[in-house]
Amino acid sequence: MRVAFIVWEFPVLSETFILNLITGLIDRGHQVDIYAHVTGDTENVHPDVETYRLLEHTYYIPSIPQNPIARLLKGLHLLYNNALKQPGLVGRSLNVFQYGSRAASLWLIYAITPFVNRPLEQTRYDIIHAQFGTDGLTGLPLRQVGAIQGKLITTFRGYDISTYVRERGDRIYARLFQQGDFFLANCEFFKRRAIELGCDPHRISVHGSGLDCRRFAYRPRYPSEDGVIRIATTGRLVEKKGIEYSIRAVAKLLETHPNLEYTIVGEGELRTHFERLIAELGVGDRIQLVGQKRQQDLIAILDRTHIFVAPSVTAQDGNQDAPVNVLKEAMAMGLPVVSTFHGGIPELVQDGISGFLVPERDEAALVEKIGNLIQHPERWVAMGEAGRAFVEEHYDIQRLNDRLVALYQQIMRSDLSQSSVSGAFRETPLPEV
């Protein structure tokens with residue numbers, strides 16, 4: 001199969017869930033091209049980006065200037081160059097009657113550029129897989145004007161089905177739901193939300209974000225000889241990760257358990273705020289912000305950790321999490337976890353079995369449950385074993401990638417139109433995972 005991935009940015013160190021899909025398809029003998037709006041950090045990349053030489057198969061949509069005059073001048077330059085190569089495609093991209101503001105603003109002229117610069121046969125794909133709902137909104141008009149061809153699948157992962165919908169309105173995906181071929185959600189929580197917004201329930205399936213359990217070696221957890229209990233959190237330093245509440249909870253626990261160390265891995269807009277908070281609480285010697293880490297460095301941190309905390313909350317803008325990938329990684333390594341009743345997380349963490357769940361923004365509950373694990377290290381091994389088993393059963397990347405290929409092939413074989421689903425496809429749904 002020839003598969004095109006549409007993403008916002010590539011490469012992104014934190015988006016291993018997309019990288020795992022790409023490498024899994026390549027390992028199975030399929031060709032993958034990547035189309036992105038933004039060039040990511042090409043200096044600090046996941047090793048697989050280099051191993052699979054993915055940047056050689058990545059094509060970028062030209063950046064669109066914020067300044068209206070600069071945007072117009074650059075757009076006119078692209079229009080001229082593109083028209084010399086594919087005048088028919090450029091003409092369709094300027095059809096304001098059919099494409100409205102996307103044509104009038106010259107957005108489509110920018111968007112078609114990486115396709116114009118490739119031979120026509122190289123932009124024909126079996127599958128076009130938009131990795132977020134917002135990427136589906138890019139893929140649909142590109143397919144409509146003929147810049148790219150193939151069955152269009154769109155995955156909903158979090159921000160795109162929560163905050164983005166709140167900002168743009170409940171009808172933002174109406175046309176995509178009508179004309180896209182199939183849809184995926186990375187948890188039941190977001191699948192239900194997509195259906196509420198108008199997605200045909202027969203054209204959406206749950207496909208979780210997987211991980212290669214072989215890279216996250218399981219190790220039973222016991223108290224360390226030095227008596228220090230190490231706690232860790234991994235995630236972007238943004239509101240929906242709820243890290244302020246875990247900082248406050250650990251600071252409170254330090255009053256009675258001075259043998260704690262709390263390591264927070266990640267970067268983001270709230271770093272300065274957290275630095276001030278840690279200083280104000282007087283716990284700078286015990287709570288550390290260590291920045292973004294490559295996967296091998298993160299694994300090394302988790303390997304010496306005893307308890308993992310992921311205190312996700314619904315952000316003020318409505319942003320929510322699916323089952324958090326870093327939680328899966330911690331559970332795969334045998335860590336007991338503490339997280340929240342939030343988004344898709346209860347689909348991953350079995351409360352009282354692989355860890356504890358607490359209400360969002362409940363500092364006291366975090367203190368209680370983290371404290372329970374501190375006081376009862378004899379529970380760590382059983383919880384760690386349960387977490388590892390659950391991740392292996394439900395989120396193993398090899399199984400998920402096999403299922404994705406089967407889904408692609410079924411969609412290619414089906415008689416799906418752009419507005420309806422055939423009875424045959426309804427009768428042979430793929431199993432949820």
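Estimated purely from DSSP H runs of n ≥ 4, each contributing -39500 (n - 2.57), the mean residue ellipticity at 222 nm for the chain is -12500 deg cm²/dmol once divided by its residues. DSSP beta bridges confined to segment 213-394 are antiparallel in about 5 percent of cases. Normalising by the residue count of segment 213-394, find the relative contact order in percent from Cα pairs under 8 Å and 6+ residues apart. Across segment 213-394, relative contact order equals 27 percent.
Legend: ranking of residues M412, M333 from fewest to most surrounding C-beta atoms inside 10 Å; resulting order M412, M333. One decimal place: the segment N372-Q98 gains 92.6 nm when fully extended, by the rule 0.36 nm per residue minus the C-alpha distance. Close amide H contacts of G242 (hydrogens built in the peptide plane, cut-off under 5 Å, sequence separation of 5 or more or a different chain): V313. Using 0.36 nm per residue and subtracting the Cα-Cα separation, the extra length available between D297 and R171 on full extension is 41.1 nm. Backbone phi angles across segment 377-390, fed through the Karplus curve with coefficients 6.51, -1.76 and 1.60 (θ = phi - 60°), yield HN-Hα couplings of x, 5, 8, 4, 5, 4, 5, x, 5, 5, x, 4, 4, 5 Hz in residue order; Gly and Pro are listed as x.
Annotation for R53 and S224: the two label points, set 7 Å from Cα along the Cα-Cβ direction, are 4.2 nm apart. Extension gain, H202-E121: 0.36 nm per intervening residue step, less the Cα-Cα distance, totals 26.0 nm. Placing a label point 7 Å from the Cα of K85 along the Cα-to-Cβ line, the residues of segment 109-153 whose backbone N sits under 11 Å from it are 112-120. Computed over the alpha carbons of segment 1-114, Rg followed by Dmax gives 16.4, 47 Å. For the chain, modelled as a GNM whose springs connect Cα atoms under 10 angstrom apart, the maximal fluctuation among V326, V96, V367 occurs at V96. Comparing mean-square fluctuations of A315, A104, A330 from a GNM of the chain with C-alpha springs under 10 Å, the top value falls on A104. A dipole drawn for segment 197-346 from +1 and -1 charges on Cβ atoms has a positive end, and of L335, L253, H202 the residue lying farthest that way is H202. Contact order, relative form, for the chain: 15 percent (alpha carbon pairs under 8 Å, 6 or more residues apart, mean separation divided by residue count).
Taking a Cβ cut-off of under 9 Å around S224, the surrounding Lys, Arg, Asp and Glu residues balance to a net charge of 0, with basic ones at +1 and acidic ones at -1.
The distance separating the Cα centre of segment 72-139 from that of segment 219-240 comes to 47 Å. Shown is the FRET efficiency for H273 and F341, computed with R0 = 22 Å from the Cβ-Cβ distance and rounded to the nearest 0.05: 0.35. In the chain, the longest principal axis of the Cα atoms and the axis of helix 68-85 are about 60 degrees apart.
Remark on L184: its backbone amide H falls under 5 Å from those of T154, T155, F156, S205, a criterion applied only to residues 5 or more positions apart or on other chains, H modelled at 1.01 Å from N. Highest mean first, the peptides 247-259, 185-197 sorted by other C-beta atoms within 10 Å per residue fall in the order 185-197, 247-259.
Taken together, the values in this text are just the output of simple stated rules run on the coordinates, not laboratory data. Computed from a predicted structure; not experimentally measured. When we count neighbours, we look across all protein chains shown, and the Cβ atoms used for this are built from the backbone with ideal geometry, even at glycine.
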